[in-house]
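Student: This is the structure I want to talk about, given as structure tokens.
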Ligand code: ADP
Ligand code: MG
């Protein structure tokens, strides 16, 4: 069970987040929609434990993984090493298997600069899932990809979430992505920003998911 109870977050004199509260059960996926600049990344960094300069508290499992908007890979390390440096306990075979799972089985030795943006994103997804996170946090993971690549990433993410069922919170601009991946959609808006239920048109409709298993992954 993950519990987020932020009372406020400011940068200097500017308060970006107001009262932001939500709870997430194991295996549940929450999507957060909201306009650019509203504070979505700020919220995710707090949930991820990267930013501790806020008032309130976050209760979350230690095994968290974050997928950033930029793939944030180490450019001077191979794809395989990008996984193993972050997860020193991961055997070479397990890292190789994880690469294969995201379609990079034959690119283990490639450096990030030799991979397309779509492949870099898949590598960053592999890095996140390689740690078997209990809480997965994703910041606009499908943004600025062409439609076909975004679709590929979306189904891959759906499959990986379906397999290991972490609690997931992710930010997107696209209501369609939210509806497809999430059990629950919320909207971050206002100044300072607060969370509210997403308008009905953005809410997932029961059974509307197109997951291969015929539904969403895992309300426990
Ligand atoms: P979003 O992800 O919703 O686009 P962000 O969380 O990145 O928005 O930013 C929210 C607001 O906080 C913006 O006005 C941004 O300029 C400001 N902000 C973000 N990070 C910092 C920082 N490190 N220092 C000062 N202001 C920041
Ligand atoms: Mg952002």
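Student: Counting only C-alpha contacts under 8 Å and six or more residues apart, can you give the relative contact order of the chain as a whole percent?
Tutor: 30 percent
Student: Over segment 115-181, what is the relative contact order in whole percent, taking alpha-carbon pairs under 8 Å and six or more residues apart? Walk me through the numbers before you get to the answer.
Tutor: Values: 50 pairs, mean separation 28.2, N = 67.
After rounding, I find 42 percent.
Student: If you bin every alpha carbon distance in segment 73-168 into 10 Å steps from zero, what whole percent lands in each bin?
Tutor: 17, 52, 30, 1
Student: For the chain, what is the largest minus smallest coordinate of the Cα atoms on each principal axis, given in angstrom and ordered from greatest to least?
Tutor: Cα extents, longest axis first: 46, 42, 32 Å.
Student: If you fit an axis through the alpha-carbon atoms of helix 92-101 and take the longest principal axis of the Cα set of the chain, what angle between them do you get, 0 to 90°, nearest 10?
Tutor: 70 degrees
Student: Out of all DSSP beta bridges in the chain, what portion is antiparallel? Express it as a percent rounded to 5. Please report the intermediate quantities before stating the final value.
Tutor: Values: 17 of 36 bridges.
Taking every DSSP beta bridge with both residues in the chain, the antiparallel ones total about 45 percent.
Student: While we're looking at this one, here's another question. Tell me, what is the percent relative contact order of segment 1-115, built from C-alpha pairs under 8 Å that lie six or more residues apart?
Tutor: On the way: 125 pairs, mean separation 26.0, N = 115.
Normalised by residue count, the contact order of segment 1-115 is 23 percent.
Student: Follow-up. Of the listed peptides 133-144, 90-101, what is their order by residue-averaged count of other C-beta atoms within 10 Å, with the highest listed first? If you can, show how the numbers build up before the last one.
Tutor: Values: 133-144: 20.6, 90-101: 16.2.
The peptides rank, most packed first, as 133-144, 90-101.
Student: Ranked highest first by average number of other Cβ atoms within 10 Å, how do 108-120, 159-171 line up? All intermediate terms of the calculation are to be shown ahead of the outcome.
Tutor: On the way: 108-120: 15.2, 159-171: 20.8.
With the highest mean Cβ count within 10 Å placed first, the list reads 159-171, 108-120.
Computed from the coordinates by the stated procedures, all read-outs in this text should not be read as laboratory data. From a predicted model like this one, the values you see are computed outputs, not experimental measurements. Neighbour counts run over all protein chains shown; Cβ positions are idealised from the backbone, glycine included.
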